[in-house]
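S.K.: Below is one structure. I have some questions about it.
The values are calculated or read from the model by the stated rules, or taken from the named source; none is laboratory data. This structure is a prediction, so every number in the text was calculated from the model and none was measured. Here the Cβ is made from the backbone with ideal geometry for all residues, glycine too, and neighbour counts use every protein chain on show.
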Amino acid sequence: MRRIDELILVVGPSSAGKSFLISRIREREEPVLQAQLGMIMPEAWAYLTADQFARTDNADTVRVLVHYDLCQQYRNGIFNHLPAMLYRAEKTTLLTLSVTSETLRERNRVRLNAVIRRMLGGSLWAYEWKTLRYMLHLSRIYKRDEAVKALYGKWFAFADPLHEVAHWTLDPTSTPLVATPAVRGS
């Protein structure tokens, strides 16, 4: 079994800015946030998606930063892979990206247009079709504010009882990027 000393999960819906934020952290462009998360040397952390984490059973890893997509991982009333991740980690930090429905809609629209442009340019790989279907699915979710609120509600209902886990929230559109402790029980 894979044991982890420190685990940080960057959590949010698709298009919330998880990949962008992780890239900035790994490039040392967010020193305040890095300090809040205890990431003195971000380049020393392994970076995985939730699915990669589930498929990997290597030797013990000291520090892992996980990209956790709520839209992809919430299935049949459960958050995939989370119990195993939490069980394997000595110390866990959750960083939830709090993004409005409007922001998610706009970012998803930009991504959807990019996929369509690639497809019109001749990229007809199965991956593009799968991505297109997924982006259209997200468009239907994101156009309903209550659907986005419900997704976040399910996430916080899962995370609130985890008192041994540090939980921060972050608005990735704010400047500078400073996380605040998640309000438990809200």
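S.K.: Among the residues of the stretch 82-110, write down those that are of a type outside the set (A, V, I, L, M) and modelled with pLDDT under 90.
M.R.: Listed by number, the residues that qualify are Pro83, Tyr87, Arg88.
Residue-by-condition table, conditions (1) basic (Lys, Arg); (2) surrounded by 14 or more Cβ atoms within 10 Å (Cβ to Cβ); (3) under 30 Å from Gln36 (Cβ atoms):
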position: Glu90; (1), (2), (3): no, no, yes
position: Glu106; (1), (2), (3): no, no, yes
position: Asn113; (1), (2), (3): no, no, no
position: Tyr127; (1), (2), (3): no, no, no
position: Tyr142; (1), (2), (3): no, yes, yes
position: Asp145; (1), (2), (3): no, no, yes
position: Lys149; (1), (2), (3): yes, no, yes
position: Gly153; (1), (2), (3): no, no, yes
position: Phe156; (1), (2), (3): no, yes, yes
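Table: residues versus (1) over 12 Å from His67 (Cβ atoms); (2) assigned to a helix (DSSP H, G or I); (3) at pLDDT below 90.
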| residue | (1), (2), (3) |
| --- | --- |
| Val10 | no, no, no |
| Ser14 | no, no, no |
| Leu21 | no, yes, no |
| Ile25 | no, yes, no |
| Val32 | yes, yes, no |
| Ile40 | yes, no, yes |
| Glu43 | yes, yes, yes |
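S.K.: Tell me, which residue of the stretch 30-70 that is over 20 Å from Asn80 (Cβ atoms) and acidic (Asp, Glu) is surrounded by the most Cβ atoms within 10 Å (Cβ to Cβ)?
M.R.: By that ranking, first place goes to Glu30.
S.K.: Before we move on, is Ala84 under 23 Å from Tyr152 (Cα atoms), surrounded by fewer than 15 Cβ atoms within 10 Å (Cβ to Cβ), touching a helix residue (DSSP H, G or I) at 6+ places or on another chain (Cβ under 9 Å) and not charged (D, E, K, R)? Let's see the steps before the verdict.
M.R.: Details: under 23 Å from Tyr152 (Cα atoms): yes; surrounded by fewer than 15 Cβ atoms within 10 Å (Cβ to Cβ): yes; touching a helix residue (DSSP H, G or I) at 6+ places or on another chain (Cβ under 9 Å): yes; not charged (D, E, K, R): yes.
Criteria met by Ala84.
S.K.: Here is a follow-up. Do any residues in the stretch 61-88 that are part of a loop (DSSP other than H, G, I, E, B) have Cβ atoms under 7 Å from those of residues that are surrounded by 19 or more Cβ atoms within 10 Å (Cβ to Cβ), where the two are at least six apart or on different chains, and which pairs are they?
M.R.: Filtered contacts from the stretch 61-88: Asn80/Ala50; His81/Ala50; His81/Phe53.
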